[in-house]
Amino acid sequence: MLEEYQLRCVKCGRTFAADPWTIVCPHCGGLLEPVFRRRPLAISWPLFRTRRFGVWRYRELLPRVQPVTMGEGGTPLIQLGDNLWIKFEGSNPTGSFKDRGMTVAVSLARAAGVSSVICASTGNTSASMSAYASRAGMRSFVVLPKGKVARGKLAQAVLHGATIVEVDGPFDIALDVVMRVSGRESGLYPMNSINPWRLEGQKTLAFEIADEIGVPDWVVLPVGNAGNISAIWKGFREMRELGLIDRLPRMAGVQAEGASPIAKAFKEGMSEPLFTDEPETVATAIRIGRPVNWPKAFRALRESDGIMEVVSDEEIREAQLALGRMGVGVEPASAASYAGYRKLLERVISPDDRVVLVATGHALKDPDAFPFPEPVRASSVEEAVERIRGLSS
Ligand code: F0G
(Lines give C-alpha, C1' and ligand atoms only; values in the text may rest on other atoms or scores of the structure.)
Protein backbone atom coordinates (compact mmCIF):
# COMPACT_ATOMS: atom_id res chain seq x y z
CA MET A 1 0.00 0.00 0.00
CA LEU A 2 3.02 2.31 0.39
CA GLU A 3 5.16 0.96 -2.46
CA GLU A 4 5.57 4.42 -3.99
CA TYR A 5 7.19 5.75 -0.85
CA GLN A 6 10.30 5.54 1.28
CA LEU A 7 10.68 7.06 4.72
CA ARG A 8 13.63 9.37 5.22
CA CYS A 9 14.85 10.46 8.64
CA VAL A 10 15.18 14.23 8.84
CA LYS A 11 17.84 13.82 11.54
CA CYS A 12 20.25 11.11 10.34
CA GLY A 13 19.21 11.01 6.68
CA ARG A 14 18.79 7.21 6.55
CA THR A 15 15.96 5.82 4.46
CA PHE A 16 13.63 2.98 5.35
CA ALA A 17 10.93 0.94 3.68
CA ALA A 18 7.64 2.73 4.20
CA ASP A 19 5.47 1.00 6.77
CA PRO A 20 2.46 2.47 8.57
CA TRP A 21 3.86 1.44 11.96
CA THR A 22 7.29 3.02 11.47
CA ILE A 23 6.54 6.36 13.09
CA VAL A 24 10.03 7.54 14.12
CA CYS A 25 13.48 6.63 12.82
CA PRO A 26 14.35 3.07 13.94
CA HIS A 27 18.00 4.13 13.98
CA CYS A 28 18.11 7.48 15.81
CA GLY A 29 14.52 8.27 16.85
CA GLY A 30 14.35 11.28 14.52
CA LEU A 31 11.27 12.44 12.63
CA LEU A 32 10.46 10.65 9.41
CA GLU A 33 9.34 12.11 6.13
CA PRO A 34 7.70 10.18 3.29
CA VAL A 35 9.48 10.67 -0.03
CA PHE A 36 8.56 9.25 -3.44
CA ARG A 37 10.79 6.54 -4.85
CA ARG A 38 10.22 7.89 -8.33
CA ARG A 39 8.23 10.69 -9.86
CA PRO A 40 4.52 9.82 -9.84
CA LEU A 41 3.44 9.37 -13.46
CA ALA A 42 1.06 11.51 -15.46
CA ILE A 43 0.28 14.12 -12.84
CA SER A 44 -0.80 17.57 -13.99
CA TRP A 45 -3.15 20.34 -12.96
CA PRO A 46 -5.62 19.45 -15.77
CA LEU A 47 -5.78 15.87 -14.44
CA PHE A 48 -6.38 17.00 -10.86
CA ARG A 49 -9.04 19.42 -12.03
CA THR A 50 -11.10 16.66 -13.64
CA ARG A 51 -11.81 15.43 -10.12
CA ARG A 52 -13.95 16.62 -7.25
CA PHE A 53 -12.23 19.33 -5.19
CA GLY A 54 -10.58 18.02 -2.01
CA VAL A 55 -7.76 15.98 -0.54
CA TRP A 56 -8.13 12.89 -2.76
CA ARG A 57 -8.08 14.97 -5.93
CA TYR A 58 -4.30 14.62 -5.49
CA ARG A 59 -4.37 10.85 -5.01
CA GLU A 60 -1.19 10.20 -7.03
CA LEU A 61 0.66 12.20 -4.37
CA LEU A 62 -0.85 10.29 -1.43
CA PRO A 63 -0.74 6.70 -0.16
CA ARG A 64 -2.60 4.38 -2.54
CA VAL A 65 -5.33 3.19 -0.22
CA GLN A 66 -9.09 3.00 -0.28
CA PRO A 67 -10.07 6.36 1.27
CA VAL A 68 -12.06 6.77 4.46
CA THR A 69 -13.45 10.10 3.39
CA MET A 70 -16.11 12.66 4.18
CA GLY A 71 -15.24 15.13 1.44
CA GLU A 72 -12.50 16.92 3.40
CA GLY A 73 -10.39 19.63 1.82
CA GLY A 74 -11.57 21.84 -1.01
CA THR A 75 -12.12 24.60 1.52
CA PRO A 76 -12.97 28.19 0.54
CA LEU A 77 -10.15 30.62 -0.16
CA ILE A 78 -11.86 33.82 0.86
CA GLN A 79 -10.47 37.09 -0.46
CA LEU A 80 -10.13 39.69 2.30
CA GLY A 81 -8.23 42.37 0.37
CA ASP A 82 -6.45 43.01 -2.93
CA ASN A 83 -3.53 40.83 -1.92
CA LEU A 84 -4.96 38.98 1.05
CA TRP A 85 -6.80 35.65 1.24
CA ILE A 86 -7.83 33.38 4.08
CA LYS A 87 -8.04 29.60 3.64
CA PHE A 88 -11.10 28.69 5.68
CA GLU A 89 -10.35 25.27 7.12
CA GLY A 90 -13.40 25.53 9.36
CA SER A 91 -15.37 24.17 6.39
CA ASN A 92 -13.90 20.72 6.81
CA PRO A 93 -16.26 17.98 8.04
CA THR A 94 -15.22 18.32 11.69
CA GLY A 95 -14.38 22.02 11.45
CA SER A 96 -10.59 22.02 11.27
CA PHE A 97 -7.65 21.31 8.98
CA LYS A 98 -6.99 18.10 10.89
CA ASP A 99 -9.47 16.28 8.64
CA ARG A 100 -7.03 16.53 5.71
CA GLY A 101 -4.49 14.49 7.61
CA MET A 102 -6.97 12.23 9.31
CA THR A 103 -8.60 11.01 6.09
CA VAL A 104 -5.18 9.83 4.90
CA ALA A 105 -3.86 8.39 8.17
CA VAL A 106 -7.12 6.61 9.06
CA SER A 107 -7.38 5.19 5.54
CA LEU A 108 -3.86 3.85 5.85
CA ALA A 109 -4.54 2.47 9.33
CA ARG A 110 -7.63 0.68 8.07
CA ALA A 111 -5.68 -0.79 5.15
CA ALA A 112 -3.08 -2.00 7.66
CA GLY A 113 -5.75 -3.74 9.74
CA VAL A 114 -5.62 -1.36 12.70
CA SER A 115 -8.63 -1.55 15.01
CA SER A 116 -7.80 1.15 17.61
CA VAL A 117 -6.36 4.62 17.22
CA ILE A 118 -5.06 7.02 19.83
CA CYS A 119 -4.01 10.66 20.02
CA ALA A 120 -3.11 13.40 22.44
CA SER A 121 -4.91 16.59 21.63
CA THR A 122 -5.69 20.17 22.45
CA GLY A 123 -9.09 19.29 20.94
CA ASN A 124 -9.23 19.39 17.17
CA THR A 125 -7.15 16.30 16.52
CA SER A 126 -9.34 14.33 18.92
CA ALA A 127 -12.53 15.60 17.25
CA SER A 128 -11.25 14.70 13.82
CA MET A 129 -9.69 11.37 14.75
CA SER A 130 -12.76 10.11 16.59
CA ALA A 131 -15.01 11.04 13.66
CA TYR A 132 -12.86 9.30 11.05
CA ALA A 133 -12.21 6.33 13.33
CA SER A 134 -15.94 5.86 13.83
CA ARG A 135 -16.49 6.02 10.12
CA ALA A 136 -13.84 3.34 9.64
CA GLY A 137 -15.26 1.16 12.42
CA MET A 138 -12.32 1.66 14.77
CA ARG A 139 -12.16 2.44 18.47
CA SER A 140 -10.60 5.72 19.46
CA PHE A 141 -8.78 6.83 22.58
CA VAL A 142 -8.04 10.50 23.19
CA VAL A 143 -5.71 11.90 25.84
CA LEU A 144 -6.53 15.48 26.73
CA PRO A 145 -5.08 18.21 28.95
CA LYS A 146 -7.66 18.45 31.73
CA GLY A 147 -9.80 21.59 31.69
CA LYS A 148 -8.07 23.08 28.65
CA VAL A 149 -10.03 21.70 25.73
CA ALA A 150 -12.64 23.96 24.15
CA ARG A 151 -16.23 22.81 24.65
CA GLY A 152 -17.10 22.31 20.99
CA LYS A 153 -14.14 20.00 20.46
CA LEU A 154 -14.84 17.95 23.56
CA ALA A 155 -18.46 17.61 22.46
CA GLN A 156 -17.32 16.20 19.14
CA ALA A 157 -15.08 13.58 20.73
CA VAL A 158 -17.99 12.52 22.95
CA LEU A 159 -20.42 12.44 20.02
CA HIS A 160 -18.09 10.32 17.91
CA GLY A 161 -17.65 7.81 20.70
CA ALA A 162 -14.06 8.33 21.80
CA THR A 163 -12.81 7.02 25.13
CA ILE A 164 -11.53 10.15 26.85
CA VAL A 165 -8.56 10.16 29.20
CA GLU A 166 -7.68 13.43 30.95
CA VAL A 167 -4.23 14.19 32.33
CA ASP A 168 -3.00 16.95 34.59
CA GLY A 169 -0.66 19.21 32.67
CA PRO A 170 -0.43 20.51 29.14
CA PHE A 171 -0.73 18.77 25.76
CA ASP A 172 2.93 17.78 25.94
CA ILE A 173 2.23 15.45 28.89
CA ALA A 174 -0.70 13.92 27.02
CA LEU A 175 1.55 13.29 24.01
CA ASP A 176 4.09 11.61 26.26
CA VAL A 177 1.34 9.20 27.36
CA VAL A 178 0.48 8.43 23.72
CA MET A 179 4.11 7.86 22.73
CA ARG A 180 4.50 5.38 25.58
CA VAL A 181 1.32 3.40 25.04
CA SER A 182 1.04 3.32 21.24
CA GLY A 183 2.80 0.86 18.95
CA ARG A 184 2.58 -2.46 17.23
CA GLU A 185 2.51 -4.34 20.52
CA SER A 186 -0.45 -2.56 22.06
CA GLY A 187 -2.10 -2.29 18.66
CA LEU A 188 -2.88 1.37 19.37
CA TYR A 189 -2.06 3.39 16.28
CA PRO A 190 -0.82 6.94 17.03
CA MET A 191 -2.55 9.75 15.14
CA ASN A 192 -0.57 12.78 16.27
CA SER A 193 1.35 14.85 13.77
CA ILE A 194 4.49 12.90 14.61
CA ASN A 195 2.80 10.35 12.32
CA PRO A 196 4.19 11.34 8.91
CA TRP A 197 1.15 10.03 7.03
CA ARG A 198 -1.12 12.55 8.63
CA LEU A 199 1.11 15.33 7.38
CA GLU A 200 0.91 13.81 3.89
CA GLY A 201 -2.79 14.63 3.92
CA GLN A 202 -2.22 18.10 5.32
CA LYS A 203 0.18 19.01 2.50
CA THR A 204 -2.83 19.17 0.14
CA LEU A 205 -3.66 22.58 1.56
CA ALA A 206 -0.65 23.90 -0.37
CA PHE A 207 -1.84 22.19 -3.56
CA GLU A 208 -5.24 23.86 -3.30
CA ILE A 209 -3.78 27.33 -2.80
CA ALA A 210 -1.44 26.94 -5.78
CA ASP A 211 -4.25 25.60 -7.94
CA GLU A 212 -6.56 28.48 -7.10
CA ILE A 213 -4.38 31.60 -7.03
CA GLY A 214 -0.88 30.39 -7.90
CA VAL A 215 2.00 30.57 -5.45
CA PRO A 216 1.55 33.41 -2.93
CA ASP A 217 4.48 35.36 -1.51
CA TRP A 218 3.59 34.39 2.05
CA VAL A 219 1.63 31.72 3.86
CA VAL A 220 0.84 32.76 7.43
CA LEU A 221 -0.36 30.19 9.95
CA PRO A 222 -0.55 29.41 13.67
CA VAL A 223 2.05 27.01 15.02
CA GLY A 224 1.47 24.58 17.88
CA ASN A 225 3.06 21.16 17.56
CA ALA A 226 4.51 22.48 14.28
CA GLY A 227 3.10 19.74 12.08
CA ASN A 228 1.05 21.92 9.79
CA ILE A 229 3.79 24.39 8.88
CA SER A 230 5.98 21.39 8.02
CA ALA A 231 3.22 19.74 5.99
CA ILE A 232 2.31 22.83 3.99
CA TRP A 233 5.95 23.53 3.24
CA LYS A 234 6.39 19.94 2.09
CA GLY A 235 3.42 20.44 -0.23
CA PHE A 236 4.97 23.47 -1.88
CA ARG A 237 8.41 21.90 -2.11
CA GLU A 238 7.00 18.76 -3.66
CA MET A 239 5.00 20.72 -6.23
CA ARG A 240 8.13 22.48 -7.31
CA GLU A 241 10.15 19.28 -7.51
CA LEU A 242 7.38 17.80 -9.66
CA GLY A 243 7.28 20.84 -11.95
CA LEU A 244 3.74 21.83 -10.93
CA ILE A 245 4.90 25.27 -9.75
CA ASP A 246 8.06 27.25 -10.46
CA ARG A 247 8.56 29.21 -7.25
CA LEU A 248 8.01 28.90 -3.51
CA PRO A 249 6.29 31.04 -0.88
CA ARG A 250 7.81 32.22 2.37
CA MET A 251 6.36 30.67 5.52
CA ALA A 252 5.34 32.83 8.47
CA GLY A 253 4.51 30.96 11.67
CA VAL A 254 2.68 32.62 14.54
CA GLN A 255 2.70 31.57 18.19
CA ALA A 256 0.96 32.92 21.26
CA GLU A 257 3.21 34.76 23.70
CA GLY A 258 2.68 32.24 26.49
CA ALA A 259 3.38 29.27 24.23
CA SER A 260 6.09 30.37 21.84
CA PRO A 261 9.03 27.95 22.10
CA ILE A 262 9.79 28.16 18.39
CA ALA A 263 9.09 31.85 17.81
CA LYS A 264 11.17 33.00 20.79
CA ALA A 265 14.13 30.85 19.75
CA PHE A 266 13.82 31.93 16.13
CA LYS A 267 13.85 35.59 17.12
CA GLU A 268 17.01 34.96 19.15
CA GLY A 269 18.62 33.42 16.09
CA MET A 270 18.73 29.99 17.70
CA SER A 271 18.28 26.80 15.73
CA GLU A 272 16.51 24.86 18.47
CA PRO A 273 13.34 25.76 20.37
CA LEU A 274 13.14 27.20 23.88
CA PHE A 275 10.83 24.63 25.45
CA THR A 276 8.47 25.58 28.22
CA ASP A 277 6.66 23.26 30.62
CA GLU A 278 3.91 25.72 31.44
CA PRO A 279 2.45 26.99 28.16
CA GLU A 280 -0.52 29.32 28.56
CA THR A 281 -2.78 31.16 26.11
CA VAL A 282 -6.45 31.77 25.26
CA ALA A 283 -5.69 29.97 22.03
CA THR A 284 -5.86 26.55 23.71
CA ALA A 285 -5.37 24.77 20.36
CA ILE A 286 -1.77 25.97 20.29
CA ARG A 287 -1.11 25.79 24.03
CA ILE A 288 1.96 23.62 23.51
CA GLY A 289 5.37 23.97 25.16
CA ARG A 290 7.38 21.19 23.53
CA PRO A 291 6.46 20.95 19.86
CA VAL A 292 7.68 17.59 18.56
CA ASN A 293 7.88 18.61 14.92
CA TRP A 294 10.28 21.45 15.60
CA PRO A 295 13.12 20.07 13.42
CA LYS A 296 10.81 20.02 10.41
CA ALA A 297 9.49 23.48 11.24
CA PHE A 298 12.95 24.99 11.55
CA ARG A 299 13.84 23.44 8.22
CA ALA A 300 10.71 24.95 6.62
CA LEU A 301 11.63 28.36 8.04
CA ARG A 302 15.22 28.06 6.87
CA GLU A 303 14.42 26.78 3.39
CA SER A 304 11.61 29.26 2.77
CA ASP A 305 13.43 32.26 4.21
CA GLY A 306 10.53 32.33 6.61
CA ILE A 307 9.79 34.08 9.86
CA MET A 308 8.15 33.51 13.23
CA GLU A 309 6.03 36.07 15.02
CA VAL A 310 4.68 36.23 18.58
CA VAL A 311 1.25 37.62 19.38
CA SER A 312 -0.37 38.38 22.72
CA ASP A 313 -3.71 36.98 23.84
CA GLU A 314 -5.09 40.49 23.50
CA GLU A 315 -3.95 40.68 19.88
CA ILE A 316 -5.48 37.25 19.22
CA ARG A 317 -8.82 38.38 20.68
CA GLU A 318 -8.81 41.56 18.61
CA ALA A 319 -7.97 39.65 15.45
CA GLN A 320 -10.71 37.12 16.11
CA LEU A 321 -13.29 39.89 16.48
CA ALA A 322 -11.96 41.74 13.42
CA LEU A 323 -12.29 38.60 11.30
CA GLY A 324 -15.73 38.00 12.77
CA ARG A 325 -16.80 41.44 11.59
CA MET A 326 -15.65 40.48 8.10
CA GLY A 327 -17.91 37.43 8.24
CA VAL A 328 -15.16 34.96 8.94
CA GLY A 329 -15.64 32.99 12.16
CA VAL A 330 -12.50 31.34 13.45
CA GLU A 331 -11.30 29.98 16.78
CA PRO A 332 -8.60 31.91 18.68
CA ALA A 333 -5.63 29.87 17.41
CA SER A 334 -6.67 30.57 13.86
CA ALA A 335 -7.03 34.28 14.60
CA ALA A 336 -3.35 34.22 15.56
CA SER A 337 -2.48 34.09 11.87
CA TYR A 338 -4.34 37.35 11.23
CA ALA A 339 -2.88 38.91 14.38
CA GLY A 340 0.60 37.91 13.22
CA TYR A 341 -0.04 39.19 9.72
CA ARG A 342 -1.05 42.58 11.12
CA LYS A 343 2.24 42.81 13.02
CA LEU A 344 4.35 41.68 10.07
CA LEU A 345 2.69 43.94 7.52
CA GLU A 346 4.93 46.84 6.51
CA ARG A 347 7.76 45.56 8.71
CA VAL A 348 8.37 42.28 6.89
CA ILE A 349 5.46 41.66 4.56
CA SER A 350 5.05 44.30 1.87
CA PRO A 351 1.53 45.53 1.01
CA ASP A 352 2.29 44.35 -2.53
CA ASP A 353 2.95 40.80 -1.37
CA ARG A 354 0.23 38.24 -1.99
CA VAL A 355 -0.58 36.61 1.32
CA VAL A 356 -2.64 33.58 2.35
CA LEU A 357 -3.66 33.24 5.99
CA VAL A 358 -4.59 29.77 7.18
CA ALA A 359 -7.73 29.80 9.33
CA THR A 360 -7.21 26.42 10.91
CA GLY A 361 -10.43 25.94 12.91
CA HIS A 362 -14.04 27.13 13.10
CA ALA A 363 -15.34 29.71 15.61
CA LEU A 364 -17.96 27.21 16.84
CA LYS A 365 -15.19 25.06 18.25
CA ASP A 366 -14.69 27.43 21.15
CA PRO A 367 -17.82 29.44 21.94
CA ASP A 368 -16.45 30.44 25.34
CA ALA A 369 -13.49 32.29 23.84
CA PHE A 370 -15.26 35.58 23.17
CA PRO A 371 -17.52 37.75 25.35
CA PHE A 372 -21.30 37.69 24.91
CA PRO A 373 -22.74 41.19 25.35
CA GLU A 374 -26.07 41.51 27.13
CA PRO A 375 -28.83 41.07 24.55
CA VAL A 376 -31.63 43.58 24.15
CA ARG A 377 -34.47 42.15 26.19
CA ALA A 378 -38.19 42.52 25.60
CA SER A 379 -41.08 40.92 27.47
CA SER A 380 -43.66 41.19 24.70
CA VAL A 381 -43.90 41.26 20.93
CA GLU A 382 -44.87 44.92 21.08
CA GLU A 383 -41.88 45.82 23.21
CA ALA A 384 -39.50 43.87 20.94
CA VAL A 385 -40.87 45.69 17.89
CA GLU A 386 -40.57 49.00 19.68
CA ARG A 387 -37.01 48.43 20.79
CA ILE A 388 -35.81 47.24 17.37
CA ARG A 389 -37.43 50.29 15.75
CA GLY A 390 -35.63 52.49 18.25
CA LEU A 391 -32.28 50.80 17.72
CA SER A 392 -32.42 50.77 13.93
CA SER A 393 -33.70 54.28 13.25
N1 F0G B 1 -4.74 25.74 14.78
C2 F0G B 1 -5.62 24.89 15.35
C3 F0G B 1 -7.07 25.26 15.35
C4 F0G B 1 -5.17 23.68 15.92
O5 F0G B 1 -6.04 22.85 16.46
C6 F0G B 1 -3.78 23.39 15.91
C7 F0G B 1 -3.26 22.17 16.53
C8 F0G B 1 -2.92 24.31 15.29
C9 F0G B 1 -3.45 25.46 14.75
C10 F0G B 1 -1.46 24.09 15.24
O11 F0G B 1 -1.11 23.10 14.34
O12 F0G B 1 0.15 21.60 15.83
O13 F0G B 1 0.32 21.39 13.38
O14 F0G B 1 1.33 23.34 14.55
N15 F0G B 1 -3.96 21.39 17.23
C16 F0G B 1 -3.51 20.10 17.74
C17 F0G B 1 -4.66 19.33 18.32
C18 F0G B 1 -2.34 20.18 18.62
O19 F0G B 1 -4.46 18.49 19.19
O20 F0G B 1 -5.79 19.53 17.87
P21 F0G B 1 0.26 22.30 14.53
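So here's what we get for this one:
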| read-out | value |
| --- | --- |
| Which numbered condition G73 misses (of (1) farther than 19 Å from Y189 by Cα; (2) assigned to a loop (DSSP other than H, G, I, E, B); (3) within 11 Å of the ligand (Cβ to nearest atom)) | (3) |
| Qualifying positions in segment 61-89 - more than 28 Å from A18 (Cβ to Cβ) and open to solvent by 10 Å² or more (accessible area, probe 1.4 Å) | P76, L77, I78, Q79, L80, G81, D82, N83, L84, W85, F88 |
| Selection count, segment 172-192, where residues are open to solvent by 10 Å² or more (accessible area, probe 1.4 Å) and in contact with a Leu (Cβ under 9 Å, 6 or more places away or on another chain) | 2 |
| Set T15, T50, T22: member being β-branched (V, I, T), over 21 Å from the mean Cα position of the chain (by Cα) and open to solvent by less than 30 Å² (accessible area, probe 1.4 Å) | T22 |
| Segment 302-322: number of residues that are surrounded by 24 or more Cβ atoms within 10 Å (Cβ to Cβ) and not in a strand (DSSP E or B) | 3 |
| Residue within segment 285-305 that is in contact with a Gly (Cβ under 7 Å, 6 or more places away or on another chain) and away from the ligand (no atom under 14 Å from the Cβ) present | no |
| Test: residue in segment 122-139 that is of a type in the set (A, V, I, L, M, F, W, C), modelled with pLDDT of 95 or more and more than 18 Å from M70 (Cβ to Cβ) | no |
| Evaluation of R59 against (1) assigned to a helix (DSSP H, G or I); (2) touching a residue at least 12 places away in the same chain (Cβ under 8 Å) (one fails), failing number | (2) |
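The values are calculated or read from the model by the stated rules, or taken from the named source; none is laboratory data. Quantities reported herein were computed from a predicted structural model and do not represent experimental measurements. So basically every Cβ, Gly included, is an ideal-geometry build from the backbone, and we count neighbours across all protein chains shown. Please note that ligands, DNA and RNA were not included when accessible areas were found on the heavy atoms of the full protein model with its side chains. Shrake-Rupley method; radii C 1.70, N 1.55, O 1.52, S 1.80 Å.
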